[in-house]
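The values are calculated or read from the model by the stated rules, or taken from the named source; none is laboratory data. Fair warning: this is a prediction, and the values are worked out from it, not measured in the lab. Every residue, glycine among them, receives a Cβ derived from its backbone with ideal geometry; neighbour counts consider all protein chains shown. When the accessible area is computed, the model is the full protein with side chains, heavy atoms only, and any ligands, DNA or RNA have been set aside. Shrake-Rupley method; radii C 1.70, N 1.55, O 1.52, S 1.80 Å.
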Amino acid sequence: MNILSGMNWLRAIAALLVVVYHLNQHLPLGNLSTLTIGIHQSIGHLSIMVSVFFMLSGFFRSLSYWKNIETPENIPQFFPSLKDRFFRIAPAYYTMLIVSLITTYIVQGYANLNFPAFFSGFFFLSWISPETLFPVLINGPLWFISFDMIGWIFTSLFMMGLCKMQKKYYSFYFVGVILLTLAFHNIWTHLPWSSSSGISSVWFPVYNPFLFFLHFLFGIFAAGIVTWLKNRLQTSNILFDGATLISTLCIAIYIWNVRTQNDWGSIPDGPYHFPFITSMIAIIMISLPFTRSIWNLLDNTFFTFTAKISYSLFLIHALVVVILLEYVFKDPLTILTWIYFSITTLTISYFLAWLMYQYIEIPCIPKKITPKK
């Protein structure tokens, strides 16, 4: 039983579905059956995979605290951990940030460069204003990294506080932090922000670190439950397979039912259908390490490889989409050319992600956390 393997496979699936989500946006809709259009609309809700990434960050960051919560001397120190985190994510991110800026200049010209947004993204501060939300417009997913970094910091501070409390106060602490987070979210969304255009006008200020920290909290809670089960020597059980399958089915049914709506539908108002979808994902995260059959199904070369390159795959695939559509596959696409386009995107993205993982990610990861090749 390996907790980290279970979460890595989940990360692999999430990364792959993010690529599918972006490919789906370019599917030509003419002459499609009602069922196919329904599937297309449902795939349009796979933006919830961003929530999975936030939850995984909360899970992985809090896990080392949960494991050592009874031995305070082994609790991770904040600044050394922050340094490790920086060298884990920054090299590949900075590489794609710079490459995306250069590509923007080549494809769209100097007028479309936004240097304040670029430098905000460089310092993980994309979330501070609507004008800086997207560090580089030509590679949209890069917006995620600044939010993930501030969420990682919030998670660390949250767990440092939790470790100083008696267990009987844990539930009060969780509820108190949730209420405080909601209060900050409400304050943030009611500040006199300047108007913006494009997708930023829709996302900002609802997309903010406080709202997304709620997703991190679900990952933190899942890590706590998994640690508790492991400490009780919980073994693989078919009941966990059932919980995983039922939760996945609930997500699929829910997405199908809301397929004609946008991908928000959250409480509080925001993206990714929080908290229902988030709760189902948390159940999957808790159950997956203790499954009996699903574990064996996911333990294969493809998912293991995808898990390794998942971060680079997330960073690079949208840029590959833009370049292919600009220079190889011209709009409007047909069904046949969309299939060729999708296969080409996946092939090139996987190859480039492997190169970036092998020659940028691994050499820059601190030795004590360098993964086995």
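When the range 222-234 is filtered for residues that are on the phi < 0 side of the Ramachandran plot and either surrounded by fewer than 18 Cβ atoms within 10 Å (Cβ to Cβ) or over 17 Å from the mean Cα position of the chain (by Cα) (or both), the ones remaining, listed by number, are Gly224, Ile225, Val226, Thr227, Trp228, Leu229, Lys230, Asn231, Arg232, Gln234. For the range 242-259, the candidate set comprises residues that are exposed (fewer than 15 other Cβ atoms within 10 Å of the Cβ) and out of contact with any helix residue (DSSP H, G or I) (no Cβ under 7 Å at 6 or more places or on another chain); within that set, the residue that is farthest from Thr36 (Cα to Cα) is Gly242. Would you check which residues across the range 146-163 are more than 25 Å from Ala111 (Cβ to Cβ) and either under 17 Å from the mean Cα position of the chain (by Cα) or of a type in the set (Ser, Thr, Tyr) (or both) and list them? Within the range 146-163, Phe147, Asp148, Met149, Ile150, Gly151, Trp152, Ile153, Phe154, Thr155, Ser156 qualify.
Elements of the type helices (runs of 4 or more DSSP H) sitting completely within the range 6-115 and holding at least 2 residues that are among the aromatic types (Phe, Trp, Tyr), surrounded by fewer than 18 Cβ atoms within 10 Å (Cβ to Cβ) and out of contact with any helix residue (DSSP H, G or I) (no Cβ under 7 Å at 6 or more places or on another chain): these cover 78-108. Of all residues being open to solvent by 50 Å² or more (accessible area, probe 1.4 Å) and touching a helix residue (DSSP H, G or I) at 6+ places or on another chain (Cβ under 9 Å) in the range 328-342, which is nearest to His22 (Cα to Cα)? Just the residue, please. Looking at residues that are open to solvent by 50 Å² or more (accessible area, probe 1.4 Å) and touching a helix residue (DSSP H, G or I) at 6+ places or on another chain (Cβ under 9 Å), I get Trp338.
Asp84 passes all but one of (1) under 21 Å from the mean Cα position of the chain (by Cα); (2) of a type outside the set (A, V, I, L, M); (3) under 18 Å from Phe144 (Cα atoms); which number fails? (3) is the only condition that Asp84 fails.
Note on the range 210-248: residues that are small (Gly, Ala, Ser), within 22 Å of Ser156 (Cα to Cα) and without any contact (Cβ under 8 Å) to a residue 60 or more places away in the chain total 0.
If you scan the range 260-293, which residues turn out to be assigned to a loop (DSSP other than H, G, I, E, B) and open to solvent by 70 Å² or more (accessible area, probe 1.4 Å)? Hits for the range 260-293 are Thr260, Gln261, Asn262, Ile267, Asp269, Arg292.
Rundown of residues vs (1) closer than 20 Å to Arg11 by Cα; (2) in a helix (DSSP H, G or I); (3) of a type outside the set (A, V, I, L, M); (4) at pLDDT below 95, yes/no style:
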position: Leu297; (1), (2), (3), (4): yes, yes, no, yes
position: Phe303; (1), (2), (3), (4): yes, yes, yes, yes
position: Ile316; (1), (2), (3), (4): yes, yes, no, no
position: Leu346; (1), (2), (3), (4): yes, yes, no, no
position: Phe351; (1), (2), (3), (4): yes, yes, yes, no
